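> First, the structure itself, so that you have it in front of you.
The values are calculated or read from the model by the stated rules, or taken from the named source; none is laboratory data. Keep in mind that this is a model prediction, so the values were computed, not measured. Counting neighbours? That spans all protein chains shown, and the Cβs are built from the backbone with ideal geometry, glycine included.
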Amino acid sequence: MDFFSKIDSPFYINAYPFLAYKSDPNHIDNNYALFQSNAGIHDVKTGLHYDNMFDAQIDAVYAALEATGYGKMDVRVSETGWASGADENQAGATVENARTYNFNLERLFKKSEDSTMARRKDN
């Protein structure tokens, strides 16, 4: 991490809300994971409100970097997506959900001024 921080390299992550959702579908709102209308989650520690899991995952990485002394590193998503089919025990892995995730992710990027990445760049 020291080397990458010194050369101003971004920190790349694979962000998969699907993996979090499938691990606990009884407690994670599918709409929250798919960028659809939902009540969202208020982070008591930061005071931020998240209406989707993707932004929350990215901010969690920023928080971890800050906690370990690398708060100036930029976070970039190298891979994301939603499973379109899987074993029966993998909740939410459908073609419809994959289509919804990808469509709504594209919408998020088109209005990037509202995304977590834009909020971080403003600070």
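> From T68, T46, T80, which residue is among the polar types (S, T, N, Q), loosely packed, with under 14 Cβ neighbours inside 10 Å and either in contact with a Cys (Cβ under 6 Å, 6 or more places away or on another chain) or touching a residue at least 24 places away in the same chain (Cβ under 8 Å) (or both)?
On the way: T46 fails: either in contact with a Cys (Cβ under 6 Å, 6 or more places away or on another chain) or touching a residue at least 24 places away in the same chain (Cβ under 8 Å) (or both); T80 fails: loosely packed, with under 14 Cβ neighbours inside 10 Å.
Step by step, each of T68, T46, T80 is checked, and only T68 is among the polar types (S, T, N, Q), loosely packed, with under 14 Cβ neighbours inside 10 Å and either in contact with a Cys (Cβ under 6 Å, 6 or more places away or on another chain) or touching a residue at least 24 places away in the same chain (Cβ under 8 Å) (or both).
> I would also like to ask the following. Looking only at the stretch 22-43, which residues are buried (at least 18 other Cβ atoms within 10 Å of the Cβ), modelled with pLDDT of 95 or more and part of a helix (DSSP H, G or I)?
Listed by number, the residues that qualify are Y32, A33.
> Same structure, new question: Looking at R107, R99, which one is at pLDDT 95 or above, assigned to a helix (DSSP H, G or I) and exposed (fewer than 15 other Cβ atoms within 10 Å of the Cβ)?
Values: R107 fails: at pLDDT 95 or above.
Residue meeting the stated conditions: R99.
> Test each condition in (1) on the phi > 0 side of the Ramachandran plot; (2) free of Cβ contacts under 8 Å to residues at least 12 places away in the same chain for F35 and report the one that comes out false.
(2)
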